[in-house]
1. Of all the residues that make up the range 16-48, how many are open to solvent by 50 Å² or more (accessible area, probe 1.4 Å) and more than 21 Å from the chain's Cα centre (by Cα)?
2. State whether the residues of the range 237-256 include one that is farther than 30 Å from residue 202 by Cβ and among the small types (Gly, Ala, Ser).
3. If I filter the range 59-69 down to residues being of a type outside the set (S, T, N, Q) and over 16 Å from residue 34 (Cβ atoms), which single residue comes out as surrounded by the fewest Cβ atoms within 10 Å (Cβ to Cβ)?
4. Among the residues that make up the range 49-60, is at least one of them within 18 Å of the chain's Cα centre (by Cα) and more than 30 Å from residue 121 (Cα to Cα)?
5. Being modelled with pLDDT of 80 or more, open to solvent by 70 Å² or more (accessible area, probe 1.4 Å) and more than 27 Å from residue 285 (Cβ to Cβ): is that true of residue 200 here?
6. Any idea how many residues of the range 38-61 are out of contact with any helix residue (DSSP H, G or I) (no Cβ under 7 Å at 6 or more places or on another chain) and either hydroxyl-bearing (Ser, Thr, Tyr) or farther than 23 Å from residue 134 by Cα (or both)?
7. Mind listing whichever residues of the range 116-157 are of a type in the set (A, V, I, L, M, F, W, C), surrounded by 21 or more Cβ atoms within 10 Å (Cβ to Cβ) and under 18 Å from the mean Cα position of the chain (by Cα)?
8. Checking residue 72 against (1) under 30 Å from residue 143 (Cα atoms); (2) assigned to a loop (DSSP other than H, G, I, E, B); (3) of a type outside the set (S, T, N, Q), only one condition comes out false. Which one?
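The values are calculated or read from the model by the stated rules, or taken from the named source; none is laboratory data. As the structure is a prediction and not an experimental result, all values here were calculated from the model. Don't worry about glycine lacking a Cβ; one is built from the backbone with ideal geometry, like all the others, and counts go over all protein chains shown. Remember, those area values only see protein heavy atoms, side chains included, never the ligands or the DNA or RNA. Shrake-Rupley method; radii C 1.70, N 1.55, O 1.52, S 1.80 Å.
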Amino acid sequence: MSNSSSMAQFLLLALADRRELQLLHFWLFLAISLAALLGNGLILSAVACDHHLHTPRYFFLLHLSLTDLGCICTTVPKAMHNFLWNTRTITYTGCAAQVFVYIIFLRAEFSLLTIMCYDRYVAICKPLHYGTLLGSRACAHMAAAAWAAGFLIALLHTPSTFTLPLCQGNALDQFFCEIPHILKLSCSHSGYLRELGLIVFSACLMIGCFIFIVFSYVQIFRAVLRIPSQQGRHKAFSTCLPHLVVVSLFLSTLFFSYLKPPSISSPSLDLIVSLMYSVVSPTLNPLIYSLRNQELKDAMRKLISGCFSEAINSPSSACYVPH
């Protein structure tokens, strides 16, 4: 296959050759998908239906759950199809669509994590200005900006990647379509450098957001340690630690995957790291955010116990903007 225009399909990574292991992977991915759908679905329903959660903090958490669901639904179903039907193929168009949609959700999630850090910073370090800095209009604008950033980054990367001539075969060392593995198949030096430049540009934006997150948490912890009461410090830490855990898990694996030196790259390591940020992180996020959050647990408990139908008929369950 000399170029991308003549390529009809890609071959995704086969996690196992034995049929028994393929079926095991199918059931494992199915269980993970159902857990992610249940956890994120509960958060979406609880935040939408409980007026006590109609605040900026939970407004952004709702959008984060949407990105987590998007990441899972973009990558896992095709992998499950391949496991079940003992195949490795994905069409060229399907691969391009998967890359485009996945980048939107992945980049939007990173932006939302940065915005959620800003929310915690304002709540703890500038509580008197919280209502002004994070009013309903400001929250809506920030959420829209996060999704727009994901769309624009996807619009830059996808055409640049899929217009490259590919002459190194069509086998990808990944269970879903991902740009670094597609670039390995390219034989165009100039096109490769162009896409590499876009990746560096995106990485610089992400590093800038990472620096902002680190700076914000330094200020947050300094402010928390000045709180005189132990109960106040505990409450402040309990609102920040889940977000810090999610950010650490997501960013460490994502940065390692995209910015690690080629000398330490291996198919097994790449697979494990990509599973962490594309599958494990979106599945664990609902658990991490609800584990120490009594408000969210109460809302979920009320939802599960049969109050959902009553809440959906009340005015407070209407779609909202945070206040």
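1. 8
2. yes
3. 66
4. Checked against the condition, which is being within 18 Å of the chain's Cα centre (by Cα) and more than 30 Å from residue 121 (Cα to Cα), the range 49-60 yields no hits at all.
5. Considered against the rule, which asks whether it is modelled with pLDDT of 80 or more, open to solvent by 70 Å² or more (accessible area, probe 1.4 Å) and more than 27 Å from residue 285 (Cβ to Cβ), residue 200 comes out as yes.
6. Count: 3.
7. Hits for the range 116-157 are 116, 117, 142, 143, 146, 153.
8. It fails just one condition, (2).
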